[in-house]
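Just below is one structure, and these are the notes that go with it.
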Amino acid sequence: MIDYKDIETKWQKAWEDAKVFQPEPNDKEGLLVTAAIPYVNSPPHIGHLRTYGTADTYARYMRMRGRNVLYPFGFHATGTPVIAFAKRIAKGDKELIDELKLFHVADEDIKKMTDPVFITEYFIRAQEADFRRAGMGVDWRRKFVTTEPLFSKLIEWQFSKLKEKGLLIQGTHPIGWCTNESQPVGQHDTKNDAQPRIEEITVVKFKDAESDAYFVCATYRPETIYGVTNLFVGESVGYVSAIVGGERYYMSLESTHALARQMKIEVEKTVDVKDLLARHAINPVTKETVPVLPGFFVKADVGTGVVMSVPSHAPFDYAALERLRAGNYALPQMEYKKLIEVEPLNGVSVGRSWTEGKRGRVTHPEIPALAYLELLNTNTMAVESSLEFATKLIYREESHWGVMLVGKYRGLKEAEARENLKKDLTASREAFFIYEISNQEPVYCRCGTKVVVNVVSDQWFINYGDDNWKNEVSRVLLKMRIYPDKYKHTFDAVVDWIDARATERAQGLGTKFPLNPEHIIESLSDSTIYMVFYTFVHILRQWDVHPEQLSAEFFDYVINSVGDVSVVARITGIDEIAIGKCRQSLQYWYSDTSRHSAPDLVYNHLVMYIFNHVALLPPPMWPKQIVVNGMVNYEGEKMSKSLGNIIPLGDGIAKYGSDPMRFIEIAGADLDTETEFSVDSVNSILSKNETLYGAVDVLNAMNGVELEHIDYWMYSRINTRIAKATEHMDRLEFRDAYTEVYYNALRDMKWYMDRGGHNHVVMRDFLESAILMLAPIMPHFAEEMWHRTGGTSLVVQEKWPEPNAGLVNAAVEDVESVIEGTVDDIAEVIQLSSKIDANKNKRISGIKIIVADNWKRIAYNMLLDHRNIARVVKDPGLKGVDPGKVAKFLGPFVNRLPTLFKVPEVDSKEVYDGFRGSAGYFKKLFRAEITVEMEGASASPRAGRALPTKPSIEVIWA
RNA sequence: GCAGGGGUGGCGGAGCUUGGUCAAACGUGACAGGCUUAGGACCUGUUGCCUUAGGGCUGCGAGAGUUCAAAUCUCUCCCCCUGCACCA
């Protein structure tokens, strides 16, 4: 039995003693492998092993391929989570405390976790300990945390540079806001953790025909303004006149509260809704004068409480007018103008995307709003949910496939017309935008207050929308290696869409924002170039450099080679040698880099990583490679606190051993897909490892010296596998690589032994290559095996095996696969023929294997070239073979030609020899005498049935 | 809504870029057998349907198309997942 705990501690110590993972620049080609640093608000669970283990496996692999590899580690603590954590502990949050207990955090430590400093220190310790146990080949001398002063100096430099380059901009920014606490509200600040969604609404100003005031109508579809027949107000809504920007607006009282954070609103006086209903308003685009009517659906707290009515395209508006008519409300003459035509699909235009439910007959295509109600088999008195559904459907179809029939943008797609009109109307000040929380359910802050939108002004952004910057990043992306491949498109798309991003925060841990020291730098923005820090942080510590010494001159010189080292030394007071070392180290390690992370960071961190590197570092140091790995599921389910299925990494290692867990998580699934962690899967690794472990004893008992067919086969397989595995490893296809060198190699080993392979040297070569190739992923086990088979060096410092193409022998492998297939065939033949009455109560006395004549293979492959029997027969390659026999043999294949493939070009003689050589194996397997014959020399009536890859089999019963 | 990614056998999940060797890798589950006092582990076989000699049929979200040939290419539709910013 393998004692994983024992081999883990043993070999981890050996690596540590040999300083295997503490590289410095040398004459080899360097490689810096980094993974996104973990947040320190919890100890690691088994899911964390995926990313860090993938990076570690890659680092170890590349080291064995001869590169000088650095794999450092750091910790992330900036932002609000640690503070929120401390607050929750202070409040005695039971859920959090239970979670900590799951991770075996001691009560006395939990008590101390009201202190953010203690929290970060505690979890840094816990994480480092667990990742060490997991066998991470990390240079721990270089660890740091993003809250330390030394690190802050790098971030200050980063932001001063961004400012210099004009990449920091100020502007307004809508955010969720609690009016009670006067604080921004994010997802974790709301009841039920609802993410406040903010939506932009266009507000169009309709001038009151009788005064200087405006009706301000909120709408999602300003392009329908051409069809406005009237305005709607709510009869039970309280309205006011309010002064906004020197103009007088009619709007609901509620809306003045909701919008108070977005514009300066001075409520003047309340206005009776009856008064409004008596008025008329002027359409700013068509200049038509329209009446103001009561709308049953108008709500005080949505938009402005005033709505423009487009009955031709809005089911609610259409229904409201119909209801007024039904109530004998005096309505003026109105024209229901059709504004948009949906392009039909298969003749269907109204409802082309709607396939469920019972369709009603559409009789009024000229009034789309009505047509959609008809389609849904409903009417104007329908419940609101039906009208809502109709609204959604018409909105979707018209936005998608609608073309404008009227107005300035006639002929354009509706969606484009909408954007153009928004621009036009806001430019002419006939409209403006408001923002609203668009969640279905209202969102409440944890304090109970309804969340509103606040438009923050003078907010600093990093302007990722800058065109020059984007273009440069796009060019860099073209040259980058990205694994898996599909993320290339994703990155392109994200770069295309990413825009200015707010970069300062009012609260949280982190580096003070230089342009507003009251604020801190947002915690994704401060972790975009930290990999730079790994390359020289240990030098800074070694030379006892203080934070205040790290001036801009230092980073300018070290990172961008600006200035003179002696001047920098004088300014900073740092030794010239230390500064030089820092610069040299950075340049060396940044010559090639690989960045690893889970897919959730693709959309933010990884893109920002590229952007910031491009902006701040010289071109040779720009990102080279990004590797994205999937997440980990546990027993078929996503690991989550609510499911209570989170397994602490430490527990997992103690229970299963670090290597089997590494194998399952890293090689258990393709790089980009979720990997399935289950007890069963780990157990299967445990037992396979035992088999390999035991194979060493088998090896020691082997004594064969002469090379036989099966030995050549084994050599061929070993080298084929090395070649394939290497290709896969280079592309980070760990799963495919390890299917080759672990699962399939184990099967080869078994087949080799079953077939009577017993050559000590061959078996030794096999095991050695397998151990070497397992070293990156199961380093402790490989190390143990390495020494068990007599190795004296450390396997982690050994070279990855080179495939020997000269030992790859396709013919030998082909023959062997014919033999393997024949085993199954014989078994089947025995089973089937035993049921024949004539064979009742008889035993097998012999098995005759009849190998097809050589011309059959030649003829068969010719048929696939010539596609025609006549031409095959005439082919000079078949000279001397009876044309009648050839034609008879090929006949059955002709009509199946499209599905046939060539058989390997292996001479029948080789196949024959192969069977002769394996007769002993067959004899042992079937307990019968084995005869091997060539078809041409056989007297058996079954001889003619032999096929190139399938010998004919005759079972003799007696 | 916008953007990205998907829909394959009992399940998970390959394959689809370069259409044919795909009834579909690999894993897992199920069934039968072996080994065992038994269980576990391990080994062997079976696991879409039909077929007592290696054969046939149906099949990869739905529909249509291209092709001698489609899980694989094109189009349309339906459904699912993820992200959308103060949240690391």
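The values are calculated or read from the model by the stated rules, or taken from the named source; none is laboratory data. Please read all numbers here as calculations on a predicted model, not as lab measurements. When we count neighbours, we look across all protein chains shown, and the Cβ atoms used for this are built from the backbone with ideal geometry, even at glycine. For accessibility, only protein heavy atoms count, side chains too; no ligands or nucleic acids. Shrake-Rupley method; radii C 1.70, N 1.55, O 1.52, S 1.80 Å.
So if I take the centroid of the Cα atoms in segment A:14-69 and the same for segment A:278-353, what is the distance between those two points in Å?
Answer, in whole Å: 64.
Quick query: amide H of residue A:676 versus all other amide H atoms, modeled in the peptide plane; which residues come in under 5 Å with a sequence gap of 5 or more or a different chain?
Distant-sequence amide H within range of residue A:676: A:633.
What FRET efficiency, computed as 1/(1 + (r/R0)^6) with R0 = 25 Å and r the Cβ-Cβ distance, is obtained for residue A:329 and residue A:364, rounded to the nearest 0.05?
Plugging the Cβ-Cβ distance into 1/(1 + (r/R0)^6) gives 0.70.
Let me check something: with ligands and nucleic acids excluded, how do A:389, A:297, A:151 order by accessible area (1.4 Å probe), largest to smallest?
A:389, A:297, A:151
Report, to the nearest whole %, how much of the accessible area of segment A:759-820 belongs to carbon and sulfur atoms, 1.4 Å probe, protein only.
Whole-percent figure for carbon plus sulfur exposure: 50.
I'd like the carbon and sulfur percentage of the solvent accessible area for segment A:897-958, probe radius 1.4 Å, heavy atoms only, ligands and nucleic acids excluded.
Summing carbon and sulfur atoms, their accessible area is 54 percent of the total for segment A:897-958.
Would you kindly find the accessible area of residue A:849, with a 1.4 Å probe and non-protein molecules such as ligands, DNA and RNA excluded, rounding to the nearest 10 Å²?
0
Listed here are the pairs A:470/A:624; A:87/A:112; A:888/A:909; A:287/A:413; which of them are more than 21 Å apart at the Cα?
Violating the 21 Å limit, Cα to Cα: A:888/A:909; A:287/A:413.
Give the distance, in whole Å, between the Cα centre of segment A:782-828 and the Cα centre of segment A:80-108.
52
Over chain A, average the accessible area per residue using a 1.4 Å probe and give it in Å², no decimals.
Here the per-residue accessible area is 45 Å².
For chain A, give me the percentage of DSSP beta bridges that are antiparallel, rounded to the nearest 5 percent.
Counting only bridges with both partners in chain A, antiparallel ones make up about 70 percent.
Can you tell me the orientation of helix A:576-589 relative to chain A, as the angle in degrees between its alpha-carbon axis and the longest Cα principal axis, to the nearest 10?
Compared with the principal axis, the helix lies near 70 degrees.
Would you grab the residues whose amide H sits under 5 Å from the one on residue A:214? Only those 5+ places off in sequence or on another chain, please, with H modelled 1.01 Å from N.
A:208, A:248, A:249, A:250
I'd like the trypsin sites (Lys or Arg not before Pro) in segment A:600-699 restricted to DSSP loop residues with at most 15 other Cβ atoms within 10 Å, sorted by number.
A:641
What angle do you read, to the nearest 10 degrees and between 0 and 90, between the alpha-carbon axis of helix A:149-164 and the longest principal axis of chain A?
Compared with the principal axis, the helix lies near 60 degrees.
Residue A:810 label point, 7 Å along Cα→Cβ, cut-off 16 Å on backbone N: hits in segment A:724-742?
A:724
Can you compute the FRET efficiency between residue A:730 and residue A:17 using 1/(1 + (r/R0)^6), with r the Cβ-Cβ distance and R0 = 25 Å? Round to the nearest 0.05.
The value I calculate is 0.20.
Using unit Cβ charges (K, R positive; D, E negative) and no other charged atoms, how large, in debye to the nearest 20, is the dipole of chain A about its Cα centre?
1900
Length gain on complete extension for the stretch residue A:297 to residue A:793, per 0.36 nm per residue less the alpha carbon to alpha carbon distance?
170.5 nm
Relative to the longest principal axis of chain A, what angle (0 to 90°, nearest 10) does the C-alpha long axis of helix A:48-64 take?
50
Please list, ordered by chain and number, the residues whose modelled amide H lies under 5 Å from the amide H of residue A:46; skip anything fewer than 5 residues away on the same chain.
A:647, A:649
Need one word for segment A:48-206: rounded, prolate or oblate. Basis is the Cα gyration tensor (sqrt eigenvalues a ≥ b ≥ c); a/c below 1.5 gives rounded, then a/b vs b/c decides.
Verdict is oblate for segment A:48-206.
Bins of 20 Å, beginning at zero and ending with the bin holding the largest distance: percent of Cα pairs per bin for chain A, please.
11, 29, 28, 22, 9, 1
Calculate, for residue A:817 and residue A:129, the FRET efficiency according to 1/(1 + (r/R0)^6) with r their C-beta to C-beta distance and R0 30 Å; round to the nearest 0.05.
0.05
How much net charge surrounds residue A:733 when only the other residues with a Cβ under 12 Å from the Cβ of residue A:733 are counted, with Lys and Arg +1 and Asp and Glu -1?
Neighbourhood net charge equals -4.
What lysines does residue A:13 reach when the alpha-carbon gap must be under 23 Å and sequence neighbours fewer than 8 apart in one chain are set aside?
Excluding near neighbours in sequence, the set is A:5, A:143, A:655, A:799.
Net charge around residue A:702, counting only other residues with Cβ within less than 13 Å of its Cβ (Lys, Arg = +1; Asp, Glu = -1)?
Once positives and negatives cancel, what remains is -4.
Once both labels are modelled 7 Å past Cα along the beta-carbon direction, what's the residue A:507-residue A:489 spacing in nm?
Distance between label points: 4.1 nm.
As a test of the formula, what do you get for chain A when each DSSP H run with n ≥ 4 contributes -39,500 (n - 2.57) and the sum is divided by the residue count, at 222 nm and rounded to the nearest 500 deg cm²/dmol?
One gets -13000 deg cm²/dmol as the mean residue ellipticity at 222 nm.
Return the sequence-ordered ³J(HN,Hα) values of segment A:517-526 in whole Hz as given by the Karplus equation 6.51 cos²θ - 1.76 cosθ + 1.60 applied to θ = phi - 60°, using x for Gly and Pro.
Per residue, the Karplus-derived 3J(HN,Hα) values read x, 5, 9, 10, 6, 4, 7, 8, 6, 8 Hz.
Using a cut-off of under 15 Å, list every residue of segment A:775-819 whose amide N is near the label point 7 Å from the Cα of residue A:927 along the Cα-to-beta-carbon line.
Nothing falls inside the zone, counting backbone N under 15 Å.
Which value in nm describes the separation of the simple spin-label points at residue A:603 and residue A:474, placed 7 Å from the Cα toward the beta carbon?
Once both label points are built, they end up 2.2 nm from each other.
Compute the Cα gyration tensor for segment A:539-645, then decide on rounded, prolate or oblate, letting a ≥ b ≥ c be the square roots of its eigenvalues: rounded whenever a/c is under 1.5, prolate when a/b is larger than b/c in the other cases, and oblate in all that remain.
It comes out prolate by the Cα gyration axes.
So for chain A, averaging the separation of alpha carbon pairs under 8 Å that are six or more residues apart and normalising by length, what relative contact order in percent results?
The value is 13 percent.
How far, in nm, would the chain grow between residue A:268 and residue A:236 when pulled straight, counting 0.36 nm per residue and subtracting the alpha carbon separation?
This chain segment gains 9.6 nm when fully extended.
For segment A:423-484, which trypsin sites (Lys or Arg not before Pro) pass both filters: DSSP loop (anything but H, G, I, E, B) and at most 16 other C-beta atoms within 10 Å?
Filter output for segment A:423-484: A:429, A:446.
What shape does segment A:389-516 take by its C-alpha gyration tensor, where a ≥ b ≥ c are the square roots of the eigenvalues and a/c under 1.5 counts as rounded, a/b above b/c as prolate, and the rest as oblate?
Oblate is the answer for segment A:389-516, as a/c is 1.5 or above yet b/c matches or exceeds a/b.
Please give the contour-minus-distance gain from residue A:698 to residue A:416: 0.36 nm per residue of separation, less the Cα-Cα distance, rounded to one decimal in nm.
Net length gain for the segment: 94.1 nm.
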